[in-house]
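*Asks:* I'd like to ask some things about the structure below.
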Amino acid sequence: MILRSDETVDLATPTGPMRTHVFRPVAAGRYPGIVLYSEIFQVTPPIRRTAAFLAGHGYVVAVPQIWHEFEPAGSSLAYDQAGADRGNALKLLKEVPAIDGDARATVDFLKTHPSCTGRIGALGICVGGHLSYRASIVCPEIRATACFYATDLHKGSLGKGGDDTLLRTGELKSELLLIWGRQDPHVPRDGRRKIYEAVGDSGVEFTWHEFNGQHAFLRDEGHRHDPALTLLCQQLVLELFHRRLGEGDGAVAAGSAESRH
């Protein structure tokens, strides 16, 4: 689908306005919504391309600026040591209630967006994998959640003072798709085992995939990117979202056809 990718909105949150980037199909109709949580570097070109990929398959995608209290609106961090240091510092500085407030604001925005059906999913990468997992607890309207190598989930160390996300796994109503890289030092085998046991014991519906991949294998910049593995995982994500969220209303099909002429 042809899509719009130049829209932004500043959402009101308890800790101030949160710049949010919106990607959606041009074609008339309503589509399911996806909250896309970025890596620690915020809305970088690879994150934009991920959002465009989802929107091109028929979704309204909202990408919030996760460190909006600390960084200028619309900014991102560089993929270098200074950027990594800054992002890692901010994930320990942000208050957990602020994380939850951001999730609530983004989901409410999508639910009331005129191009959205009100059916909501979430996808997150790296720290975003943790954020999407937590958002699905805070916002039970989220029906499907894809988490790529969710960092700090096994340690409960997200936010100032730490978080209780994994301990609250039993509150999840969303179906989970959990994807990991075996060569990822940020979520080692013992950490993955702890998460698997928590999810398995909770009775939550989930699918678990471990691949021979490094941390950030999804990011299409840098030496760790694995294009073949990325394609496979994209297919897994689309299967989950299509099945759990549907494909929009009848106007979508007509609008899509007209947009090609």
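The values are calculated or read from the model by the stated rules, or taken from the named source; none is laboratory data. Remember, predicted model here, so these are calculated numbers, not experimental data. Counting neighbours? That spans all protein chains shown, and the Cβs are built from the backbone with ideal geometry, glycine included.
*Asks:* If a residue must be surrounded by fewer than 23 Cβ atoms within 10 Å (Cβ to Cβ) and assigned to a strand (DSSP E or B), how many such residues does segment 21-60 contain?
*Replies:* 2
*Asks:* Can you find, within segment 10-48, the residue that is nearest to Ala122 (Cα to Cα) among those that are of a type in the set (D, E, K, R) and more than 13 Å from the chain's Cα centre (by Cα)?
*Replies:* Initial filter on segment 10-48 (of a type in the set (D, E, K, R)): 10, 19, 24, 30, 39, 48.
Applying the additional criterion that residues be more than 13 Å from the chain's Cα centre (by Cα) yields 10, 19, 24, 30.
Working: Asp10: 19, Arg19: 18, Arg24: 15, Arg30: 17 Å.
For segment 10-48, the residue satisfying everything is Arg24.
*Asks:* Quick check: is even one residue across segment 250-258 over 16 Å from the mean Cα position of the chain (by Cα), surrounded by 14 or more Cβ atoms within 10 Å (Cβ to Cβ) and more than 21 Å from Val60 (Cα to Cα)?
*Replies:* no
*Asks:* Within segment 215-249, restricting attention to residues that are on the phi > 0 side of the Ramachandran plot and surrounded by fewer than 16 Cβ atoms within 10 Å (Cβ to Cβ), which residue is modelled with the lowest pLDDT? Even if it seems obvious, please write down each step before you answer.
*Replies:* Step one: filter segment 215-249 for residues on the phi > 0 side of the Ramachandran plot, giving 216, 222, 246, 248.
Next, only the ones that are surrounded by fewer than 16 Cβ atoms within 10 Å (Cβ to Cβ) stay: 222, 246.
Values: Gly222: 91, Gly246: 95.
Only one residue tops the list, namely Gly222.
*Asks:* Continuing with the same structure: Of all residues in segment 45-92, how many are closer than 30 Å to Ser115 by Cβ and of a type in the set (S, T, N, Q)? Give the steps one after another, and end with the answer.
*Replies:* Filtering segment 45-92 down to residues closer than 30 Å to Ser115 by Cβ leaves 45-69, 71-77.
Next, from what is left, pick out any that are of a type in the set (S, T, N, Q): 50, 65, 75-76.
Here the count works out to 4.
*Asks:* So, of the residues in segment 160-209 that are of a type in the set (Ser, Thr, Tyr) and in a loop (DSSP other than H, G, I, E, B), which turns out to be nearest to the chain's Cα centre (by Cα)? Even if it seems obvious, please write down each step before you answer.
*Replies:* Pass one, segment 160-209, residues of a type in the set (Ser, Thr, Tyr): 165, 169, 174, 196, 202, 207.
Subsequent filtering for residues that are in a loop (DSSP other than H, G, I, E, B) retains 165, 174.
Details: Thr165: 15, Ser174: 14 Å.
Only one residue fits best here, namely Ser174.
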